[in-house]
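Enquirer: Below is a structure I'd like to ask you about.
The values are calculated or read from the model by the stated rules, or taken from the named source; none is laboratory data. These numbers come from a predicted model, not from an experiment. All Cβ positions, glycine included, derive from the backbone under ideal geometry; neighbour counts span all protein chains shown.
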Amino acid sequence: MMSGGSLASVPAPLIGIWQLEAPAQPAGPSGAAPTVQLTLSSGALRGAYGCGRFSGRFEASGHRVALSASMLPPAPNERCTFAMELPFIHELNASTRYVVSRDHLLLFSGKQRLTFRRIGFVTPERN
C-alpha cells in the first residue's frame, strides 16, 4: 500500500458505490459484457465483475491511491466464468492516482484509465 503508513481516514468523496463505464469489458459466454461495480468504504473495497466477486483494501491521500483487490472463489454450488484473476483486477491494483467528482471516479495507472459512475452512497462506519 502507500508508503508512510496507513491513513487515518479515507477522503469522503471516494466513499460510495461505483459502476464501471470505460473501458468496455470483453463479452462473457452469454455474449453480453459484464456489469462491473466497485464499493469503497472506510479503507475496504468490494465489488462484482459479472457473477464474480472481489474484495480488498485501499488507501488514498490527496490524489494518490493504492488499491489491493483479489477475486473471491465462487460458492461451492456456483458456476461463474469470471471467478478468476482478470485483467480488470490487475488494472485496478495498478491504479496510483484518482480524480473524483460527485458523479464520477477516474482511476489512473501507467497505461489505463478506469472511469466509474456513482450509482449509490455508503454511510461511513463510525469508530
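Enquirer: So which residues in the stretch 65-94 are within 24 Å of VAL10 (Cα to Cα) and either over 15 Å from the mean Cα position of the chain (by Cα) or of a type in the set (Gly, Ala, Ser) (or both), if there are any at all?
Expert: ALA66, SER68, ALA69, SER70, ALA94
Enquirer: Confirm whether GLY62 is in contact with a Phe, Trp or Tyr (Cβ under 9 Å, 6 or more places away or on another chain), loosely packed, with under 12 Cβ neighbours inside 10 Å and more than 15 Å from ALA22 (Cα to Cα).
Expert: So GLY62 fails the test.
Enquirer: List every residue pair whose Cβ atoms lie under 7 Å apart, where the two residues are 6 or more positions apart in sequence or sit on different chains, the first residue falls within the stretch 27-53 and is more than 20 Å from ALA75 (Cα to Cα), and the second residue, located anywhere, is exposed (fewer than 15 other Cβ atoms within 10 Å of the Cβ) and at pLDDT 95 or above.
Expert: Correct list of pairs: GLY43/ARG57; ALA44/ARG57.
Enquirer: Picking from LEU92, LEU105, LEU114, which residue would you name as being within 21 Å of PRO26 (Cβ to Cβ) and not in a helix (DSSP H, G or I)?
Expert: Values: LEU92 fails: not in a helix (DSSP H, G or I); LEU105 fails: within 21 Å of PRO26 (Cβ to Cβ).
Going through LEU92, LEU105, LEU114 in turn, the sole match is LEU114.
Enquirer: Give me a count of the residues in the stretch 72-104 that are in contact with a Lys or Arg (Cβ under 7 Å, 6 or more places away or on another chain) and under 17 Å from GLY47 (Cα atoms).
Expert: Total meeting the criteria: 2.
Enquirer: Please go through the stretch 67-93 and pick out each residue that is of a type in the set (S, T, N, Q) and over 16 Å from LEU20 (Cα atoms).
Expert: Of everything in the stretch 67-93, those that are of a type in the set (S, T, N, Q) and over 16 Å from LEU20 (Cα atoms) turn out to be SER68, SER70, ASN77, THR81.
Enquirer: Would you check if LEU86 is within 24 Å of ASP103 (Cα to Cα), crowded, with 16+ Cβ neighbours inside 10 Å and either hydrophobic (A, V, I, L, M, F, W, C) or modelled with pLDDT of 95 or more (or both)?
Expert: Values: within 24 Å of ASP103 (Cα to Cα): no; crowded, with 16+ Cβ neighbours inside 10 Å: yes; either hydrophobic (A, V, I, L, M, F, W, C) or modelled with pLDDT of 95 or more (or both): yes.
Judged against the criteria, LEU86 is not a match.
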